[in-house]
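The values are calculated or read from the model by the stated rules, or taken from the named source; none is laboratory data. Bear in mind the structure is a predicted one, so any value in this text is a computation, not a measurement. Neighbour counts run over all protein chains shown; Cβ positions are idealised from the backbone, glycine included.
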């Protein structure tokens, strides 16, 4: 286990302006926001499949081939571990701090109760759950789940690929499957995977179109298709997704070793991070108070501070 401090977390206004100005002069830079690396951790050798920050200094992680969920601090110390009894590629946190995660094999959503025991919240049968994200609204807490019926990237007319919004009890609030504004009810997804909800209530979904390619699909909370982002280059391999306090959409591009910054409308804004600055290939992303965490290959966890020109 290694940790390398990169920068002092307290950036004065002059340094912030200099960093943003430097970033704006780089290829595909942005003069409104930049990411400053704070530190990185080498936590084992396995791919970090999923992570969700508990706060700016602690993050829950799930690793490849591990049945454990570990709470790790910014110094690389494991503070707590939970035995999930299986490997899970996607999870989210309730406001109380409890985890909810997908059980793809058994077609259900599970949670860790206050005693640290794994319990089943509800079934998703006959579909298999992939991505998961906890939502909050005036109606209370909910869970967004991406679902599929099989692993084919090319669905047929009878395929079932969708996102469902559930209550914590498993009651279906809404189903997102096709463009509600389209005359032919064209399907939205090939294989919906990681997902999040922006502050404007839009639902942002990583839609896998092949093993190493995909797109970001944005739909309104009402189910209306908004936009698709298919990358700024020849290839695009989106894996993780989150949104910052300015409603920018942040997407990790694993095969191209970069992180895309999109507007809330799904338009390309900049490469927030590239292979010139990243220390690993980013698989998953998570954010807390504009402190950005990346989970990478070979057990690397990178932490960045997002700096904005207008703040």
Does segment 154-161 contain at least one residue that is part of a strand (DSSP E or B) and either touching a strand residue (DSSP E or B) at 6+ places or on another chain (Cβ under 7 Å) or free of Cβ contacts under 8 Å to residues at least 60 places away in the same chain (or both)? yes
When (1) more than 22 Å from the chain's Cα centre (by Cα); (2) surrounded by fewer than 16 Cβ atoms within 10 Å (Cβ to Cβ) are applied to residue 155, the one that fails is (2)
Out of segment 61-77, which residues are surrounded by fewer than 20 Cβ atoms within 10 Å (Cβ to Cβ) and touching a helix residue (DSSP H, G or I) at 6+ places or on another chain (Cβ under 8 Å)? none
Looking at segment 183-201, can you tell me whether even one residue there is in contact with a strand residue (DSSP E or B) (Cβ under 7 Å, 6 or more places away or on another chain), without any contact (Cβ under 8 Å) to a residue 24 or more places away in the chain and outside any strand (DSSP E or B)? yes
Residue hits (segment 45-60; crowded, with 19+ Cβ neighbours inside 10 Å and touching a helix residue (DSSP H, G or I) at 6+ places or on another chain (Cβ under 7 Å)) are 47, 48
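Conditions (1) outside any loop (DSSP other than H, G, I, E, B); (2) under 20 Å from the mean Cα position of the chain (by Cα); (3) at pLDDT 90 or above; (4) within 30 Å of residue 153 (Cα to Cα), marked per residue:
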residue: 34; (1), (2), (3), (4): yes, yes, yes, no
residue: 61; (1), (2), (3), (4): yes, yes, yes, yes
residue: 65; (1), (2), (3), (4): no, yes, no, yes
residue: 88; (1), (2), (3), (4): no, yes, no, yes
residue: 114; (1), (2), (3), (4): no, no, no, no
residue: 126; (1), (2), (3), (4): no, no, yes, yes
residue: 132; (1), (2), (3), (4): yes, yes, yes, yes
residue: 136; (1), (2), (3), (4): yes, yes, yes, no
Of the conditions (1) more than 24 Å from residue 220 (Cβ to Cβ); (2) at pLDDT 90 or above; (3) surrounded by 14 or more Cβ atoms within 10 Å (Cβ to Cβ), residue 164 clears all except one; give me its number. (1)
Please find, among 234, 262, 273, the residue that is more than 26 Å from residue 178 (Cα to Cα) and touching a residue at least 40 places away in the same chain (Cβ under 8 Å). 273
